[in-house]
Amino acid sequence: MVDDDAMLCHLVRDYLEPMGFDVVFAHTGPEGLARALEPGLQAVILDVMLPGLDGVEVLRRIRASSRVPVLMLTGRGEETDRIVGLEVGADDYLPKTFSTRELLARLRAVLRRSSGVATQPVPAIDLPIEVGELLVDPAPRVAKLGGREISLTPIEFDLLLSLARACGRVKTREQLLRDASEREYEVFDRSIDIHVSSLRRKLGDDSKSPRYIRTVRSAGYMMPRPGAAIEET
């Protein structure tokens, strides 16, 4: 947990440790960045307002070399803070007025998304999916474009996988959020659009002539079948 509020850190630790978590702290941006990149870390709870280096810049530097799940905390409660955090690569966000139960639920959700498939045999639904030059492999949670691996956050991978599995069919925002997060979002939560925008950039997709993620107005998104008409509707 990276937060300059030492009392809050201790309160969170006292709540999470009986639930099986081992919680360590950092109280400045530079210290938090160093701790977040240590091997073996399972998740990061990251405040936006930090001394030395703000949380968004810490997240940007984490994402340059790590896919560790990051849950952003924002005390401002403004939509712009949440949007910026999600665009940079946060897996979820939580206003600082959170309840401990909600923190636990969201933390468990990002951990589930990042853990991938357990040691059970891989069913047919988890076989690799190919759409043109795009390969999405659920078991190792790897996506490749033209043979080169794409660096995705856990929620971006889940969204891409959901679209690939439904190739040629429209997925509503609510369906995508449910597939990617395993928790309920508000109907008007804009995080889905932010993650899709990030996915498009990483896929080199042009929103006006998309190969992989097409917007279907008033409906949601879809992954067109190769060779199908690709103009936006």
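The values are calculated or read from the model by the stated rules, or taken from the named source; none is laboratory data. Computed from a prediction, not measured in an experiment: that's the story for all the values here. Cβ placement follows ideal geometry from the backbone for every residue including glycine, while neighbour counts extend to all protein chains displayed. Ligands, DNA and RNA are stripped out before the accessible areas are found, and what is left, the full protein with its side chains, is counted by its heavy atoms. Shrake-Rupley method; radii C 1.70, N 1.55, O 1.52, S 1.80 Å.
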(request) Those residues that are basic (Lys, Arg), in contact with a Pro (Cβ under 8 Å, 6 or more places away or on another chain) and not in a strand (DSSP E or B), I need them from the range 211-227; list them, please. (result) Arg211
(message) Can you tell me which condition Leu8 does not meet? The list is (1) in a helix (DSSP H, G or I); (2) modelled with pLDDT under 90; (3) hydrophobic (A, V, I, L, M, F, W, C), and all the others hold.
(response) (2)
(request) Kindly provide the set of residues from the range 92-108 that are at pLDDT below 85 and either in a helix (DSSP H, G or I) or open to solvent by 50 Å² or more (accessible area, probe 1.4 Å) (or both), ordered by number. (result) Lys96, Thr97
(message) Considering only residues that are within 23 Å of Ile155 (Cβ to Cβ) and surrounded by 12 or more Cβ atoms within 10 Å (Cβ to Cβ), which ones fall in the range 1-24?
(response) Met1, Val2, Asp3, Val12, Leu16, Phe21, Val23
(request) Pull up the range 48-85, narrow it to residues that are open to solvent by less than 50 Å² (accessible area, probe 1.4 Å) and of a type in the set (S, T, N, Q), then point me to the one that is modelled with the lowest pLDDT. (result) Thr74
(message) Tell me whether the range 25-42 contains one or more residues that are open to solvent by 70 Å² or more (accessible area, probe 1.4 Å), under 20 Å from Glu102 (Cα atoms) and either free of Cβ contacts under 8 Å to residues at least 24 places away in the same chain or assigned to a strand (DSSP E or B) (or both).
(response) no
(message) So Gly89 passes all but one of these: (1) at positive phi; (2) open to solvent by 30 Å² or more (accessible area, probe 1.4 Å). Which condition number does it fail?
(response) (2)
